[in-house]
Amino acid sequence: MRFLRNWILLPFAGLLFLVLAYWLIGRIQYRLNVMDIEEYEPISTLKVPQHLLTHSKFPFIDVHNHQWAMPVQNLEKLVTEMDSLNMGVMVDLSGFRGKYLAWSLDNVNNHFPNRFVLFLNIDFEKLDDAGWPGETLKLMEEAVKQGVKGLKVYKSLGLTDKDNDGKRIAVDDPRLDPIWAKCGELGIPVLIHSGEPNSFWNPKDKYNERWLELKQEPSRYRSLDKFPSFETIMEEQHHVFRKHPETKFIDAHLGWYGNDLQRLGKLLDEMPNVYTELGAVLAELGRQPKTARAFMIHYQDRVMMGKDTYKKEEYYTYFQVLETNDEYFDYYRKRHAHWKMYGLALPDTVLQKVYYKNALKVIPGIDKSLFPK
């Protein structure tokens, strides 16, 4: 009986020990002033002018957005928010295809036909099917007739998409050449996201500036035993750009070279058919204001406004970085940037190109009457 009682009490004693140990560790950390980086939110004592902008100086086209419920979305509410930001047109890259695309186009055309642009998404894993590429090319032609203005390529191409043999589909797989050529023939751009920030391939240690993001989102880590290298994916993408000079490409997220603008500049110099956009990488520009300002002025004809994930208040940081010369202010997402932002104070002529003129040149069919000449 005593043995049975001891056997029952043993787990409770172990649990009590763990609770006490956890409490003791917490008290020691408190006494030693130990704090998790996720909790640390210091309020700066620096006194410098700040200009919180909730409305852009010029109307803009957001070329990189995602609205995941477009077939049934209340567009009136969304347009009201767009008006408050001075967003003239939103490009929804998640148009998908088939019925989803048709319903999305119906919603847009029945309510705000000149305020939204939809891009098509195709299934690259069908490249070994009997109907490839004919069926997909026909789908693209029909989508453009319906009102689609571009093709969006997700990062799964080059990372996780596989052919019928289970092999990774490279971004520059020759079986995809008809797709890129067809976009050039149809006069629509390809907004392509390839790879990830190169820090996602680096060791997850104290030297990795994206450590916090990899801690919070561990699935974003790209180990070389499971994924190709960053350089491999980038070279595959650039090979596509070179191979199809008649097709216009919008290289998403500054091509993941926002932390190496000299390299991005060389890419743009070499390939006049390539453009880029600012979605989710504004923090790279905001930490190097002198270099970034010079880059944006020099390549003012090649960069477009983009945001990626939609949240109205996060656009304010874009306006502050692009339009003001403010110093030392916060980015809106800590895991993307634990550093502070600085304004670029771009000239009006550059702002107009980034905000809307470049997109009007590259994306067909946008209502130009919404924007100044």
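The values are calculated or read from the model by the stated rules, or taken from the named source; none is laboratory data. Small disclaimer: the values here were computed from a predicted structure and weren't measured. Positions of Cβ are backbone-derived with ideal geometry, glycine not excepted, and every protein chain shown enters the neighbour counts.
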Top-ranked residue in the range 97-108 [being out of contact with any Leu (no Cβ under 8 Å at 6 or more places or on another chain) and free of Cβ contacts under 8 Å to residues at least 40 places away in the same chain; ranked as farthest from F124 (Cα to Cα)]: D106
Odd one out for I366, checked against (1) assigned to a helix (DSSP H, G or I); (2) in contact with a Leu (Cβ under 8 Å, 6 or more places away or on another chain); (3) aliphatic (A, V, I, L, M): (1)
Top-ranked residue in the range 269-306 [being in contact with a His (Cβ under 6 Å, 6 or more places away or on another chain) and not small (G, A, S); ranked as farthest from E209 (Cα to Cα)]: E277
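Residue-by-condition table, conditions (1) touching a Lys or Arg at 6+ places or on another chain (Cβ under 8 Å); (2) under 26 Å from D92 (Cα atoms); (3) surrounded by 15 or more Cβ atoms within 10 Å (Cβ to Cβ):
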position	(1), (2), (3)
Q300	yes, yes, yes
T324	no, no, yes
L351	yes, yes, yes
S369	no, yes, no
All helices (runs of 4 or more DSSP H) inside the range 212-321 with 2 or more residues being within 26 Å of K149 (Cα to Cα) and out of contact with any strand residue (DSSP E or B) (no Cβ under 6 Å at 6 or more places or on another chain): 230-243, 261-270
Checklist (1) over 28 Å from F241 (Cα atoms); (2) crowded, with 19+ Cβ neighbours inside 10 Å applied to D92, failing item: (1)
Residue list for the range 6-45, filter: at pLDDT 80 or above, surrounded by 10 or more Cβ atoms within 10 Å (Cβ to Cβ) and in a loop (DSSP other than H, G, I, E, B): I37, E38, S44
Residues of the range 322-347 satisfying the condition of being part of a loop (DSSP other than H, G, I, E, B) and of a type in the set (D, E): D326, E327, D330
Filter result for A69 (touching a residue at least 24 places away in the same chain (Cβ under 8 Å) and either more than 19 Å from the chain's Cα centre (by Cα) or surrounded by fewer than 17 Cβ atoms within 10 Å (Cβ to Cβ) (or both)): no
Wholly within the range 102-192, helices (runs of 4 or more DSSP H) carrying at least 3 residues that are under 21 Å from I61 (Cβ atoms): 134-146
Some residue of the range 253-271 being over 30 Å from Q320 (Cβ atoms) and either β-branched (V, I, T) or at pLDDT 95 or above (or both): yes
Residue among E313, E270 that alone is surrounded by fewer than 20 Cβ atoms within 10 Å (Cβ to Cβ) and touching a Lys or Arg at 6+ places or on another chain (Cβ under 9 Å): E270
Some residue of the range 70-84 being touching a Leu at 6+ places or on another chain (Cβ under 8 Å) and of a type outside the set (S, T, Y): yes
Residue in the range 66-76 that is touching a His at 6+ places or on another chain (Cβ under 9 Å) and of a type in the set (A, V, I, L, M) present: yes
Checking P289 against (1) in contact with a Lys or Arg (Cβ under 9 Å, 6 or more places away or on another chain); (2) in contact (Cβ under 8 Å) with a residue 40 or more places away in the chain; (3) surrounded by fewer than 22 Cβ atoms within 10 Å (Cβ to Cβ), the condition it does not meet: (1)
